[in-house]
Amino acid sequence: MSCQISKIYKYLPSSVETISALCKKNKNWDEKEIIKKTGIYKKRIQHEGGIKSLILGLRRKNKIPELKDCGLLILVTQTPSFSIPSNIHFFQKVFNLKKKALAFDINQGCSGYLYGLTVCNSLMKTNKINAAALITCDTYSNHISSNNRTTRTIFGDGLTLTILKKKTKNKNFLNFSLGSDARGFDNFKLEKNEIVMNGSEMYNFATNYVPLEVTKILKKTRINKNQIKYFIFHQASKILLDTIQRKLNIPDKKFLRNLSNHGNTVSSTIPLILFDLIKKKKIKKNDHILLSGFGVGYSWGTCVYRH
């Protein structure tokens, strides 16, 4: 038994922030150099209300009939609107969902989607849960000043909702590999309401760990790299993705990106790419996809998924 990704919804704030506009505010910033390193031209920003506004925006824009069948609700965020109660309970309230659902938050960053998928897959196996909703949402921009060149040029805001359904015949999530390394504790932090990042150390971590994790999980799954239709990595920055692609020797057609118009949306980067693949019907039954998230902590998660 396994669970399958059935559908993905998304909500992006209407406000667009461009690298060009940021460089006009900060005269000493080199627009061409920033775009060359990040690969980002623009991203969405939620100016007020935090993730509460993202959840309300999702409710306004989408009818989500699958939610009524979800016995498990998980919300992944590092920028909660509420400390008490959990933010998923606000989500339940907004969507008027049934009382008996198992519901909780996960405080995790750019590896959060993989952590969420792992927990959903496990709980759906061990409990009588036929459908689950995994929500990712962050508003990092609320904690980054407009003159913070290291992080303001990278992070955007957004929300995704993944519907997972239990399948009895085929195993869809073939393998997971997750981990953490506390040596990264000081390299990405929220201090005095400002996100501070040691960019070079985060780059070194990701480009050293991630290729090893990918190689390890492929060997564990007994699947050849050529059998993977798409590789979807957390969209951290162009320079970082370029290095991972080069180290693993993955062709462009298999190495997917959406950085240019979204930026780094934390735990939402991977499901945003999946949303486009599903919408454009580029994923077929039994296609193999590798998903890999990594970042703050350090933390990481990788899985091999068969649709």
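The values are calculated or read from the model by the stated rules, or taken from the named source; none is laboratory data. Since we're looking at a predicted model, the values are computed, not measured. So basically every Cβ, Gly included, is an ideal-geometry build from the backbone, and we count neighbours across all protein chains shown. Accessible surface is based on the protein model in full, side chains and every heavy atom, while ligands, DNA and RNA are left aside. Shrake-Rupley method; radii C 1.70, N 1.55, O 1.52, S 1.80 Å.
Tabulated values for the structure
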| read-out | value |
| --- | --- |
| Yes/no for Ile232 being closer than 30 Å to Glu66 by Cα and modelled with pLDDT under 95 | no |
| Residue selected from segment 87-96 under the condition touching a helix residue (DSSP H, G or I) at 6+ places or on another chain (Cβ under 6 Å) and either among the aromatic types (Phe, Trp, Tyr) or crowded, with 17+ Cβ neighbours inside 10 Å (or both), by the criterion nearest to Ser141 (Cα to Cα) | Phe91 |
| Given (1) touching a residue at least 12 places away in the same chain (Cβ under 8 Å); (2) of a type in the set (S, T, N, Q); (3) under 20 Å from His143 (Cα atoms), number of the condition Ser83 does not satisfy | (1) |
| Candidates Lys216, Lys229, filtered to the one that is within 29 Å of Ile278 (Cα to Cα), of a type in the set (D, E, K, R) and surrounded by fewer than 17 Cβ atoms within 10 Å (Cβ to Cβ) | Lys216 |
| Hey, Ile84 closer than 22 Å to Lys189 by Cβ and open to solvent by 10 Å² or more (accessible area, probe 1.4 Å) or not | no |
| Set Ile250, Ile270: member being in contact (Cβ under 8 Å) with a residue 12 or more places away in the chain, in a helix (DSSP H, G or I) and closer than 17 Å to Ile228 by Cα | Ile270 |
| Qualifying residue in segment 231-243 (condition: closer than 27 Å to Thr150 by Cβ, free of Cβ contacts under 8 Å to residues at least 40 places away in the same chain, of a type outside the set (A, V, I, L, M, F, W, C) and part of a loop (DSSP other than H, G, I, E, B)) | yes |
| All helices (runs of 4 or more DSSP H) inside segment 79-168 with 3 or more residues being within 18 Å of Leu272 (Cα to Cα) | 112-126 |
| Residues of segment 273-306 that turn out to be open to solvent by 40 Å² or more (accessible area, probe 1.4 Å), assigned to a loop (DSSP other than H, G, I, E, B) and either touching a Gly at 6+ places or on another chain (Cβ under 9 Å) or within 23 Å of Thr221 (Cβ to Cβ) (or both), as a count | 4 |
| Test: residue in segment 168-178 that is crowded, with 23+ Cβ neighbours inside 10 Å, more than 19 Å from Tyr230 (Cβ to Cβ), touching a Phe, Trp or Tyr at 6+ places or on another chain (Cβ under 8 Å) and touching a residue at least 12 places away in the same chain (Cβ under 8 Å) | no |
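Listed here are the residues, each with its yes/no results for (1) among the charged types (D, E, K, R); (2) more than 27 Å from Asp105 (Cα to Cα).
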{"position": "Leu218", "(1), (2)": "no, yes"}
{"position": "Asn224", "(1), (2)": "no, yes"}
{"position": "Ser237", "(1), (2)": "no, no"}
{"position": "Ile244", "(1), (2)": "no, yes"}
{"position": "Asn249", "(1), (2)": "no, yes"}
{"position": "Asn261", "(1), (2)": "no, yes"}
{"position": "Ser268", "(1), (2)": "no, no"}
{"position": "Ile273", "(1), (2)": "no, no"}
{"position": "Lys280", "(1), (2)": "yes, yes"}
